[in-house]
Amino acid sequence: MSDRLRTFLEGVQGPVHTGLGDQYNLSFLTNARGQTPRAVAESHVCWLRQRFVPPLGLGRARELLLSNGIVMLCAPPGSGRNVAAHMLLYELAEKGGAFQELIPDPGEKGPLLPPDLVGQGDRLLLDLSAGEPQLWTAVQAELGPFQDTLRKNAAHLAVVPPHPLAHQHSNGLQRFCADLRRPPATALLRRYLRLGGIGTEAGGHLPEIVLSYLDRTPPLRDVAALAHYILRARAASHGSDGFEQWCWQAFRAVTNQEQEVANRVASLREGPQRALLLTTAMLDGAHADAVHLGTEQLLRTAQHPPGEAPLLEQDDLAQRFESIDATTGADGKVRFRELGWPEAVRTHFWTTMPDLRPRLRVWVEGAIGLPDLTMEDRDGLVERFAVQCLRTKRSGDLISLVEHWTASPKDGIRLRAAAQALEHGLTSKEWGSSFRQKIYTWAYERRLSEGLFTVLVEVCSEVIAVRHPDQAMVRLHHLSRQEVSPGIAREALVQLVRADHRAQRRLLDQLSRALEHTHWPTDRDLFAATADPCLLTDPGTRAHALLTEPGVRHHLTVCWNLLFRKHPPHTWTPLVGHWLSAATNDEDHGELLLRILVEATDKSSGLLSRLYLTGRDWSRASRAAEERTRRASTAKRLLHMIDAAQGLRSG
């Protein structure tokens with residue numbers, strides 16, 4: 001590998017990649033606390049577990065999961081069924097194995113639930129809560145046989161079926177079904193408040209306005225939102241006002257904002273006032289100077305005519321913020337007085353002014369570079385824009401922004417914004433699959449900009465790989481083929497497969513087919529990295545090493561055969577030597593390593609002769625007498641196998 005270079009870009013803390021040939025450390029998706037998406041996901045699960053109130057019937061669900069390896073959680077939306085599925089699988093984390101979400105795709109060839117996706121001790125989630133009836137019927141047909149795969153691998157699967165069809169089972173699957181009933185909303189609210197620092201002395205007697213709201217049986221996510229706003233109200237009042245007042249403010253935030261915002265927008269007849277209102281909502285918590293500059297940009301983007309009043313006759317910023325019920329704090333940052341207003345204002349503009357949406361995309365594209373914004377401000381702007389785009393089914397606006405922001409490979413601010421935009425698309429329950437498909441299309445293309453290439457490598461390795469390592473592997477494989485020499489895509493792919501036995505198995509399978517027709521030197525290099533005998537013989541947390549699996553040995557044999565037949569000896573001789581060294585030092589797996597090399601020759605006399613010469617040269621290469629003796633013993637074992645393959649002696 002060539003020397004590593006480091007280039008520090010404006011707006012990015014840490015080294016990043018600026019070309020296709022060298023390795024760099026990426027950091028576009030690290031948040032202000034230094035957390036990667038994987039770390040955020042793990043900490044969120046822990047956070048959620050602390051606040052989890054088990055639904056009625058969870059004990060029965062746990063029994064089914066442990067005894068059968070499968071459980072289907074049957075419950076209506078808003079009852080906590082998805083969180084319950086995650087919690088059941090989280091409880092099994094100490095047994096080892098990886099968490100993975102299965103994504104059945106009827107458009108793909110092969111089974112909807114591929115058995116080779118299951119690794120030892122894996123914890124699998126199959127969320128079909130929004131699935132079509134045809135998909136649910138097709139998946140049920142495979143669940144029975146899939147249970148055998150789970151049992152063989154000591155793996156577990158939690159299924160969330162579509163609610164209207166949850167009890168329409170075929171093939172005797174009723175035995176896997178666990179009916180859940182939502183936990184008491186008051187218990188959930190009190191749990192959130194207690195962990196947020198509001199103890200039973202304050203939250204013991206919930207105000208009538210809150211009890212009345214909870215009696216309407218809102219979805220549990222709305223109960224969590226109510227707790228969030230109560231805690232925010234307390235923080236905004238610095239502990240004053242009292243618990244009932246905090247609850248009242250929170251109630252207004254979750255129930256009454258839409259009409260109040262609509263009335264306020266209707267009362268603001270002038271374009272500059274409305275632009276200030278929307279900009280304040282999009283840059284919630286940013287410095288007043290940034291909000292002012294952002295408002296001016298929005299007016300220009302919307303082609304609003306400039307005001308005619310002289311500068312000294314115009315209202316100052318404080319007056320303008322006052323007109324939209326916002327205020328500037330001692331830190332110079334602007335916030336609305338009412339809780340929930342930023343979200344309600346954004347929703348109002350995107351819902352009621354559809355003609356403004358394309359202009360808002362153009363505005364966000366430029367506003368991301370406002371000089372007075374912090375990294376957190378920019379991350380918040382991207383998130384808020386992404387939420388509204390996906391809510392209004394305008395995912396293309398996010399894709400367009402990504403392409404524009406990645407046009408310059410050295411603009412760290414915009415590269416980070418592009419990575420953040422893709423992360424929000426990928427983690428969306430509704431849009432995640434379409435964003436993964438778009439990234440696949442990009443990865444398959446051969447004319448990506450350097451900036452887009454760099455961003456794609458990071459979102460594959462840091463976002464897609466968290467829940468879909470298989471799909472991350474495929475996309476990184478295509479990206480690695482675009483590198484002139486081994487670089488960040490190949491390095492990210494190698495790190496992924498080294499950390500995930502399942503991904504390593506799948507990549508070997510893919511390479512065993514790709515090497516037959518490939519003209520990509522990358523595939524040969526990837527095989528050398530993936531077929532590292534140290535990885536193949538180390539079981540890690542599994543019950544056995546990958547090398548002991550017949551399917552893996554088959555893929556290795558095919559790959560070696562293709563290397564022997566289609567590539568010059570100097571490209572594979574070093575790897576043969578590596579395998580011979582491993583065979584010398586590994587008593588448990590040495591015989592398997594040698595046998596694969598011999599079987600890969602397919603009994604070709606020319607290849608067997610070449611393999612023998614390679615082994616002979618390797619055995620003589622060591623200068624240490626003791627090492628030469630050990631190598632000679634391995635070379636002799638190899639020769640014995642070669643003779644047996646030629647029928648010169650018994651195997």
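Scan region 488-503 residue by residue and report those that are in contact (Cβ under 8 Å) with a residue 60 or more places away in the chain and either open to solvent by 30 Å² or more (accessible area, probe 1.4 Å) or not in a helix (DSSP H, G or I) (or both). It would help to see each step written out before you state the result.
The first filter runs over region 488-503 and keeps only residues in contact (Cβ under 8 Å) with a residue 60 or more places away in the chain, leaving 488, 491, 500-502.
Within region 488-503, Glu491, Asp500, His501 qualify.
If the Cβ limit is 8 Å and pairs must be 6+ apart or interchain, which residue in region 471-487 that is over 15 Å from Ala514 (Cα atoms) and of a type in the set (Asp, Glu) pairs with which residue that is open to solvent by less than 10 Å² (accessible area, probe 1.4 Å) and not in a loop (DSSP other than H, G, I, E, B)?
Glu483/Ala489
What is the residue count in region 337-355 for residues that are touching a strand residue (DSSP E or B) at 6+ places or on another chain (Cβ under 9 Å) and open to solvent by less than 20 Å² (accessible area, probe 1.4 Å)? Reasoning before the result, please.
Keep residues of region 337-355 that are touching a strand residue (DSSP E or B) at 6+ places or on another chain (Cβ under 9 Å), which gives 337, 341-342, 345.
Imposing the further condition that a residue be open to solvent by less than 20 Å² (accessible area, probe 1.4 Å) reduces the set to 341-342, 345.
Final tally of qualifying residues: 3.
List the number of the failed condition for Cys534; all other conditions in (1) open to solvent by 60 Å² or more (accessible area, probe 1.4 Å); (2) of a type in the set (A, V, I, L, M, F, W, C); (3) within 22 Å of Gln471 (Cα to Cα) hold.
It is condition (3) that Cys534 fails.
Every residue in region 628-651 that is open to solvent by 50 Å² or more (accessible area, probe 1.4 Å) and among the charged types (D, E, K, R), please.
Of everything in region 628-651, those that are open to solvent by 50 Å² or more (accessible area, probe 1.4 Å) and among the charged types (D, E, K, R) turn out to be Arg628, Arg630, Lys636, Arg637, Arg649.
Please go through region 272-307 and give me each residue that is in a helix (DSSP H, G or I) and either in contact with a strand residue (DSSP E or B) (Cβ under 6 Å, 6 or more places away or on another chain) or at pLDDT below 90 (or both), ordered by number. If you could, list the steps in order and put the result at the bottom.
Taking region 272-307 and keeping what is in a helix (DSSP H, G or I), we get 272-282, 288-301.
Within region 272-307, Thr280, Ala288, Val291 meet the criteria.
Every residue in region 67-82 that is under 27 Å from the mean Cα position of the chain (by Cα) and open to solvent by 50 Å² or more (accessible area, probe 1.4 Å), please.
Residues of region 67-82 under 27 Å from the mean Cα position of the chain (by Cα): 69-82.
Of everything in region 67-82, those that are under 27 Å from the mean Cα position of the chain (by Cα) and open to solvent by 50 Å² or more (accessible area, probe 1.4 Å) turn out to be Pro76, Pro77.
Please verify whether Asp379 is touching a strand residue (DSSP E or B) at 6+ places or on another chain (Cβ under 6 Å) and open to solvent by 20 Å² or more (accessible area, probe 1.4 Å), treating the condition exactly as stated.
Working: touching a strand residue (DSSP E or B) at 6+ places or on another chain (Cβ under 6 Å): no; open to solvent by 20 Å² or more (accessible area, probe 1.4 Å): yes.
Answer is no for this residue.
Any residue in region 86-99 that is closer than 14 Å to Leu64 by Cα sitting within a Cβ distance under 8 Å of a residue that is among the small types (Gly, Ala, Ser) and assigned to a helix (DSSP H, G or I)? List the pairs, counting only those 6 or more apart or interchain.
From region 86-99, the pairs are Leu88/Ala61.
From the list Thr374, Thr327, pick out the single residue that is surrounded by fewer than 19 Cβ atoms within 10 Å (Cβ to Cβ), under 32 Å from the mean Cα position of the chain (by Cα) and over 30 Å from Ser434 (Cβ atoms). So that I can check it myself, show each step before the final result.
Details: Thr327 fails: under 32 Å from the mean Cα position of the chain (by Cα).
The match here is Thr374.
Quick one: in region 515-529, of everything that is open to solvent by 20 Å² or more (accessible area, probe 1.4 Å) and not charged (D, E, K, R), which residue is nearest to Val576 (Cα to Cα)?
Residues of region 515-529 that are open to solvent by 20 Å² or more (accessible area, probe 1.4 Å), as a first pass: 516-521, 524-525, 528.
Then keep just the ones that are not charged (D, E, K, R); that gives 517-521, 528.
On the way: His517: 22, Thr518: 21, His519: 21, Trp520: 20, Pro521: 18, Ala528: 10 Å.
The qualifying residue nearest to Val576 (Cα to Cα) is Ala528.
Going by the structure shown, is Ser605 more than 45 Å from the chain's Cα centre (by Cα) and crowded, with 16+ Cβ neighbours inside 10 Å? Steps first, answer last, please.
Numbers: more than 45 Å from the chain's Cα centre (by Cα): yes; crowded, with 16+ Cβ neighbours inside 10 Å: no.
Judged against the criteria, Ser605 is not a match.
Considering only residues that are under 34 Å from the mean Cα position of the chain (by Cα) and open to solvent by less than 30 Å² (accessible area, probe 1.4 Å), which ones fall in region 289-300?
Ala290, Val291, Gly294, Thr295, Leu298
Within region 391-399, is there a residue that is open to solvent by 50 Å² or more (accessible area, probe 1.4 Å), part of a helix (DSSP H, G or I) and closer than 23 Å to Thr295 by Cα?
Here is the first cut: in region 391-399, the ones open to solvent by 50 Å² or more (accessible area, probe 1.4 Å) are 391, 393-394.
Pick out the ones that are also part of a helix (DSSP H, G or I) and you get 391.
Applying the additional criterion that residues be closer than 23 Å to Thr295 by Cα yields none.
No, the conditions are met nowhere in region 391-399.
The values are calculated or read from the model by the stated rules, or taken from the named source; none is laboratory data. Everything quoted here is computed from the prediction, not taken from an experiment. Using ideal geometry, Cβ is built from the backbone for each residue, glycine included, and neighbour counts are taken over all protein chains shown. Heads up: the accessible areas ignore ligands, DNA and RNA and are worked out on the full protein's heavy atoms, side chains in. Shrake-Rupley method; radii C 1.70, N 1.55, O 1.52, S 1.80 Å.
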